[in-house]
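Novice: Handing you a structure now.
The values are calculated or read from the model by the stated rules, or taken from the named source; none is laboratory data. Nothing here was measured: the structure is a model prediction, and the numbers come from that model. We place every Cβ from the backbone using ideal geometry, glycine too, and count neighbours over all the protein chains shown.
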Amino acid sequence: MVFSSHIFVYYFLPIALLSYYLLPRPAKHFGLTLLSYFFYGWANPPFVLLMFASTVVDYTCGRVISGTEYHRNRKLALTISICSNLTLLGFFKYFNFGISNYNTLLGWLGLPIWESVLQVVLPLGISFYTFQSMSYTIDVYRGDAKPIRNFVDFACYVSMFPQLVAGPIIRFSEVAEQLKQRTHTLEKFVRGIAFFSLGMAKKILLANPCGKCADTVFDAGIISILDAWYGVIAYAFQIYYDFSGYSDMAIGLGLMLGFTFPKNFDAPYKSESITDFWRTWHISLSSWLRDYLYIPLGGNRKGQTRTYINLALVMLLGGLWHGASWNFVIWGGIHGGMLAIERNRGKISYYGALPRQLRIGLTFMLVLITWVFFRSSDLTHALIYLKCMFSSVNIPPTSDIISGILYQPYYLMTMCIAGIVVWFFPQTWDWTQRLTPIRMGVCLTLLLVSLVVMSTQAYNPFIYFIF
């Protein structure tokens, strides 16, 4: 079930909100957990059992960590929690990838390949809820959060439907107190509606049309330089509006339920360096990797060389987290390399002497180049696409058909609006801090238009659902 669907907007959400507010306070978390499990199991009910198993293991390990003074037992419980979650994630996300690469290696060596009849299906949102659930035992072990006593409260935290399948990744320490006690106010609820409305507009009115352009170009094969740049910019807009729109809707739904989730995007395409980009893009993931991987590896405390190794390792793993493909590893490796170069220079970027607007433009161009690897189906496709971006190629006659699709007034207007909003409009988080009647009217109008357009759109994917 996706937020931008009739079943969610017209049926699930009203029933969920009505049920939640009619339930007495002691039963709210139990009711919300049941609703969340129904939401998660809508597409594939058996996968609910995986999430429940992860929840039971991490809750039990948290109780063991908090209930014993013996360091060995505490460490064992933490190890069980981390290993069980990573095993779950590793098997379902990387089994097929591992078998494919193993067979490729056997082929190179001239050996018979392994004919595996097992094809593993990736459970929705597993990358998000395993990281989220793991953060609980790690926070309890470190003393950053107190253990939770009520299993239902913990199950509610892990399964909460607003951020369950595509983030933001909510750490336990960020909502621990809210799980114990939080306020439900009209101001929160209204701001939640504003967040949800703006997120829906980003998704339906901007991400989907830009995504249609991006798919047209990336699926075309050999294309002109202009079309190649048009396509990758369209994809940059699609992935930003798709994911930030989803994050806005998730934060809005959280506010309607009384929760305040952290900001997940902060104008990343206004970044003046790659370092700045990773402070503002998918903040919940980048901060998770920093605090739970980069710093435990030693961070920047063990010398310059070790710092570069840590940066590269974290970004490579961050790339692999996004998907089982060498393209994602390359994408993460490029970002890790650029982060290391910027850190070595000790400046805002390796083009830090340039005017601010040029720094923003060059950073965006570097991000676009890396998006090619992120979007392409495989490495060969990515290299061909990059060649089309930077050199003249023999363009087939069918390219006229592509141009006829891309440069329609509707798509051109959408691309222009997407660029204007990216670089000149305030962020949803800031704009909704003070909601006047006029601003609320804008939000509700955008929501109405989005719902009307949604009923006519056949193209409506959520990119991060596959991660």
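Novice: How do the pairs read when you match residues in the range 251-267 that are in contact (Cβ under 8 Å) with a residue 24 or more places away in the chain and among the β-branched types (Val, Ile, Thr) with residues anywhere that are surrounded by 23 or more Cβ atoms within 10 Å (Cβ to Cβ) and part of a loop (DSSP other than H, G, I, E, B), using Cβ under 6 Å and keeping only pairs 6 or more apart or on different chains?
Specialist: 251/261
Novice: Out of the helices (runs of 4 or more DSSP H) lying entirely within the range 240-348, which hold 2 or more residues that are in contact with a Pro (Cβ under 7 Å, 6 or more places away or on another chain) and over 30 Å from residue 21 (Cβ atoms)?
Specialist: Qualifying helices (runs of 4 or more DSSP H): 274-280.
Novice: Kindly indicate which of 221, 211 is assigned by TED's automatic domain parsing to the domain that holds residue 394 and in contact with a Ser or Thr (Cβ under 9 Å, 6 or more places away or on another chain).
Specialist: Values: 211 fails: in contact with a Ser or Thr (Cβ under 9 Å, 6 or more places away or on another chain).
221 is the lone residue from the list that is assigned by TED's automatic domain parsing to the domain that holds residue 394 and in contact with a Ser or Thr (Cβ under 9 Å, 6 or more places away or on another chain).
Novice: Mind checking which pairs have a first residue in the range 440-467 that is loosely packed, with under 15 Cβ neighbours inside 10 Å and a second that is assigned to a helix (DSSP H, G or I) and at pLDDT below 85, Cβ under 8 Å, 6 or more apart or different chains?
Specialist: Qualifying pairs under 8 Å: none.
Novice: Among all residue pairs at least 6 apart or on different chains, which show Cβ distances below 9 Å where the first residue, located in the range 19-47, is more than 19 Å from residue 8 (Cα to Cα) and the second is assigned to a helix (DSSP H, G or I) and charged (D, E, K, R)?
Specialist: Hits for this filter: 29/153.
Novice: Another question about this same structure. Given the options 228, 155, 236, name the one that is assigned to a helix (DSSP H, G or I) and in the same structural domain as residue 36 (by TED's automatic domain parsing).
Specialist: Result: 155 is the single residue among 228, 155, 236 that is assigned to a helix (DSSP H, G or I) and in the same structural domain as residue 36 (by TED's automatic domain parsing).
Novice: Filter the range 350-388 for residues that are basic (Lys, Arg) and over 22 Å from the mean Cα position of the chain (by Cα) and give the result.
Specialist: 356, 359, 387, listed by residue number.
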